[in-house]
Amino acid sequence: MNSQTEAELIARPVLEFTSQELAQAMNRSFEEYFVPFNFDAASFERRFRSEHLDPAASRLWFRGDQLVGVVYLARRGWTCRVAGMGLVKEARSQGYGRTMLQTAIEEATMRGDREMMLEVFTENEPARRLYERLGFRNTRHLLSFRRMPAPISNMTALSELDPLTVARLVTTEGEPDLPWMFSAETLAAAAPPARAFHLAHSAYAVVRPEAERSLLLTLVVPRGLRRQGWATRMLQALEAEFPGVPLVASLVPEGSVREVLRAAGWEQQPLSLYEMVRPLG
């Protein structure tokens, strides 16, 4: 990109915009993407509040008064995460993304952040190459799984409990280093329509019902009760609790949960992501 084109770009902090404007900017910036978004103000706030979006560090980018794209940053401690970065259709393939992300890296370094992370679809080669050129490296491969509930009879009923209780349990009994979107810190903000369950206080799950699917946010079995079939029984109970629509688990890292899902007949989905990290400073 030449300096004249760069000079046309203006970045404005998210603080200056309403939730509705931010949701619309997100939708436009991910139009015809691998997974298009359709946020309204409420769903935008519900998602990004839990991910710890930093409205002072996040930016909407413009050329004149025309939206170019968004860079939404979430922050926890010394780590910041690109929670959403996209360009409107008419601004793609013009080098704007590099300027936007490079600016975010420089500003994060000046703030004292120690690392920046993001996720990218494995099939999104142009974005992945850009991230690599800017110093990001793959740290792990994250998969998605799907299960269409089958009719199940004589299933032990689940008991409902506060999602915050399960989030706290994840901090002590969950897998270490969970993906940002499903970490205990994110789960702590889960609220209805998300629902949490336990099965005889031996397996726990949080599920967010949506129009066309039910999203499994976490599945945890206390360490002393593992390898006794509790996780499988919990998955079967969830099938009975949420019939008629698929159950989906996304951003699943290597480990016991991935193994349990496969053993329970969940199908791996074709779209997967790389988690990428760039040291700062």
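The values are calculated or read from the model by the stated rules, or taken from the named source; none is laboratory data. As the structure is a prediction and not an experimental result, all values here were calculated from the model. No Cβ is skipped: glycine too gets one built from the backbone with ideal geometry, and neighbour counts run over all protein chains shown. Surface areas here come from the heavy atoms of the whole protein model, side chains and all, with no ligands, DNA or RNA. Shrake-Rupley method; radii C 1.70, N 1.55, O 1.52, S 1.80 Å.
Points worth noting:
- Yes/no for GLU16 being at pLDDT 95 or above, open to solvent by 30 Å² or more (accessible area, probe 1.4 Å), among the charged types (D, E, K, R) and more than 29 Å from PHE182 (Cβ to Cβ): yes
- Checked against (1) over 21 Å from ALA263 (Cα atoms); (2) surrounded by 16 or more Cβ atoms within 10 Å (Cβ to Cβ); (3) in contact with a Pro (Cβ under 7 Å, 6 or more places away or on another chain); (4) at pLDDT below 95, PRO149 meets all criteria but (1).
- Test: residue in the stretch 233-248 that is out of contact with any Gly (no Cβ under 9 Å at 6 or more places or on another chain), at pLDDT 95 or above and in a strand (DSSP E or B): yes
- LEU130 passes every criterion in (1) farther than 16 Å from VAL277 by Cβ; (2) touching a helix residue (DSSP H, G or I) at 6+ places or on another chain (Cβ under 9 Å); (3) in a helix (DSSP H, G or I) apart from (1).
- Extreme residue, nearest to PHE242 (Cα to Cα), among residues of the stretch 160-208 that are assigned to a strand (DSSP E or B), under 21 Å from the mean Cα position of the chain (by Cα) and among the hydrophobic types (A, V, I, L, M, F, W, C): VAL207
- Some residue of the stretch 218-231 being touching a Pro at 6+ places or on another chain (Cβ under 7 Å), part of a loop (DSSP other than H, G, I, E, B) and either surrounded by fewer than 23 Cβ atoms within 10 Å (Cβ to Cβ) or in contact (Cβ under 8 Å) with a residue 60 or more places away in the chain (or both): no
- Complete set of residues in the stretch 258-272 that are open to solvent by 40 Å² or more (accessible area, probe 1.4 Å) and not in a loop (DSSP other than H, G, I, E, B): GLU259, ARG262, ALA263, GLU267, GLN268
- THR165 meets the stated requirement of being loosely packed, with under 14 Cβ neighbours inside 10 Å and either closer than 23 Å to LEU235 by Cβ or among the basic types (Lys, Arg) (or both).
- Of all residues in the stretch 96-118, those satisfying the criterion of being open to solvent by less than 40 Å² (accessible area, probe 1.4 Å) and in contact (Cβ under 8 Å) with a residue 40 or more places away in the chain are TYR96, THR99, MET100, THR103, ALA104, ILE105, ALA108, GLY112, ASP113, MET116, MET117, LEU118.
- The residues in the stretch 119-146 that are open to solvent by 50 Å² or more (accessible area, probe 1.4 Å) and not basic (Lys, Arg) can be counted, and the count is 7.
- Tally, over the stretch 80-95, of residues that are among the acidic types (Asp, Glu) and touching a residue at least 40 places away in the same chain (Cβ under 8 Å): 0
- Pairs with Cβ under 6 Å, 6+ apart, first in the stretch 47-67 and in a strand (DSSP E or B), second acidic (Asp, Glu): ARG63/GLU8
- Sole residue being modelled with pLDDT under 95, open to solvent by 20 Å² or more (accessible area, probe 1.4 Å) and touching a helix residue (DSSP H, G or I) at 6+ places or on another chain (Cβ under 9 Å), chosen from GLU212, GLU175: GLU175
- Options GLU239, GLU275: the member that is touching a residue at least 12 places away in the same chain (Cβ under 8 Å), buried (at least 18 other Cβ atoms within 10 Å of the Cβ) and farther than 25 Å from ARG47 by Cβ: GLU239
- Take the conditions (1) touching a residue at least 12 places away in the same chain (Cβ under 8 Å); (2) open to solvent by 40 Å² or more (accessible area, probe 1.4 Å); PRO36 misses just one of them, which is (1).
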